[in-house]
Amino acid sequence: MVFSTVLRFCKVRGKSTGKFIDSLKLTVRGGPGGMGHPKYGGIGGRGGNVIFVADEEMTLKKVLHKLPARLIKAVEGENSHAHKLCGGNGADFILPVPTGISVISQTGVKLGELNKTNEQVVVAKGGLGGQPATQFNGLKGDDLKIILDLKLIADIGLVGFPNAGKSSLLKAISSAKPRVAAYPFTTLKPQLGVIMYDDFRQITMADLPGLIEGAHLNRGLGHRFLKHIERTKLLVFMIDINGFQLSHEYPHRNPFETIALLNRELELYGKDILSKPTLLVVNKMDTEGAQEKWEKLKYLLADYKENLYTLPKVMQPEQPITFDEIFNMSVQQDPQSVRQLALKLRHHLDVSADYEISQLPVQQLADDIQDTKQRRRLQNALTEHNSSNLM
Ligand SMILES: Nc1nc2c(ncn2[C@@H]2O[C@H](COP(=O)(O)OP(=O)(O)OP(=O)(O)O)[C@@H](O)[C@H]2O)c(=O)[nH]1
Ligand SMILES: [Mg+2]
């Protein structure tokens, strides 16, 4: 058993994570401009541009399938001729790419972001057609190497250590059919599911591969998938009430330690992820002794920040998270708890949307407060206060 878990663990490290592609390098070239006509003062056509358009149906895998050489060249501009002095422009190369793409240059500069269907970005401009200023020579188009970096756009991001039941939850709460199994790293690539409500509201949830201690040092699957929660509106931390142990070679972590370690890993990833509204979901409440462990955990979480000091220094996050709600459940044995969670998720998303809308009147005061969550709460309270005063 120990052996098999460790083996699987090693395999994960060496193996590619399935066919999911979330980053792709391409060379893009705008078309060269057409030649001018010096004798008659004719102007060459402009070279075509390379344009990316966001398309819900696209994946990076499809892009790669379309462009096996990873090279895009737009068409050159038409030369000027005695019988057609103004050469026609070269056709643009329009490439549909998945929604959620950032286009990044080789030097790390962000050239554009495509977050909504039909948004466009000109990635490489075609060269100017030949004209007097260019001695009638057509100019070369832009020629650059870029990276297409995909970040999924889901409303909710589900994170936790392996085996906590994240994929089980996604399976129970949405139409997705992720793999579920009793060993770590069952999920090797992010999975998306849509939660459907009776009134046809739809909420998307991304289930991410399990993190482990030291993910920031690239242990397990590392931090590489965390970029997919950068754009989510709500985080769900899921833990097993029994804590976590990767294998018998590794120490067992109790549920409180698991939360602190998860907090720490997300903090080490950075990018302000911990300022998002976050729910803590404690799963597997059907297992033996769960109630007792829950009581103990509740006690420790009642003063999370203080109780972190009881842990060894390496486990202590510097930015202890403030959970918006703590919820216990059994994905496997208690379908009612799954339905309840679905409603809570919706509620928390609505609260954070209200916050976005209600911002400005208290902006100055809120800006003075560093902690984003505290700020959100304050703004909610003030907005409520303001609206009740108006009545
Ligand atoms: N007893 C009990 N077992 C559960 C519950 N939820 C999930 N499990 C089991 O826990 C194991 C792990 O479940 P997964 O959903 O694959 O866990 P995961 O968090 O997606 O794991 P990774 O993909 O490895 O990160 C499976 O054997 C599930 O059947 C629960 O509420 N109670
Ligand atoms: Mg999973």
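The values are calculated or read from the model by the stated rules, or taken from the named source; none is laboratory data. Quick caveat: nothing in here was measured; it's all calculated off a predicted structure. Glycine also receives a Cβ, built like all others from the backbone with ideal geometry; neighbour counts cover every protein chain displayed.
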Of (1) at negative phi; (2) touching a helix residue (DSSP H, G or I) at 6+ places or on another chain (Cβ under 6 Å), GLY243 satisfies all except one. Which? (1)
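Name the residue that is surrounded by the fewest Cβ atoms within 10 Å (Cβ to Cβ), counting only residues in segment 280-315 that are within 16 Å of ligand 2 (Cβ to nearest atom) and of a type outside the set (S, T, N, Q). Even if it seems obvious, please write down each step before you answer.
Kept after step one, since they are within 16 Å of ligand 2 (Cβ to nearest atom), are these residues of segment 280-315: 281, 283-284.
The next check asks that each one be of a type outside the set (S, T, N, Q); those that pass are 281, 284.
Details: VAL281: 25, LYS284: 23.
Ranking the qualifying residues of segment 280-315, first place goes to LYS284.
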Conditions (1) part of a helix (DSSP H, G or I); (2) in contact with a Pro (Cβ under 9 Å, 6 or more places away or on another chain); number of the one not met by ILE239: (1)
Selection within segment 172-227 - more than 16 Å from ligand 2 (Cβ to nearest atom) and among the β-branched types (Val, Ile, Thr): VAL194, ILE195, ILE203, THR204
Based on this model, can you work out whether ALA342 counts as among the small types (Gly, Ala, Ser), assigned to a helix (DSSP H, G or I) and at pLDDT 50 or above? yes
Counting just the residues of segment 212-236 that are of a type in the set (A, V, I, L, M), in contact (Cβ under 8 Å) with a residue 12 or more places away in the chain and not in a strand (DSSP E or B), which one comes out surrounded by the fewest Cβ atoms within 10 Å (Cβ to Cβ)? ILE212
Residue list for segment 234-258, restricted to those being under 26 Å from the mean Cα position of the chain (by Cα) and of a type in the set (Asp, Glu): ASP240, GLU257
Segment 209-228, subset in contact with a helix residue (DSSP H, G or I) (Cβ under 6 Å, 6 or more places away or on another chain) and at negative phi, residue nearest to ligand 1 (Cβ to nearest atom): LEU211
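Condition first: part of a loop (DSSP other than H, G, I, E, B) and without any contact (Cβ under 8 Å) to a residue 40 or more places away in the chain. Can you find one or more residues in segment 84-106 that meet it?
Going residue by residue through segment 84-106, those that are part of a loop (DSSP other than H, G, I, E, B) are 85, 87-92, 98-100, 106.
Narrowing further to those that are without any contact (Cβ under 8 Å) to a residue 40 or more places away in the chain: none.
No, there is no match, as no residue in segment 84-106 is part of a loop (DSSP other than H, G, I, E, B) and without any contact (Cβ under 8 Å) to a residue 40 or more places away in the chain.
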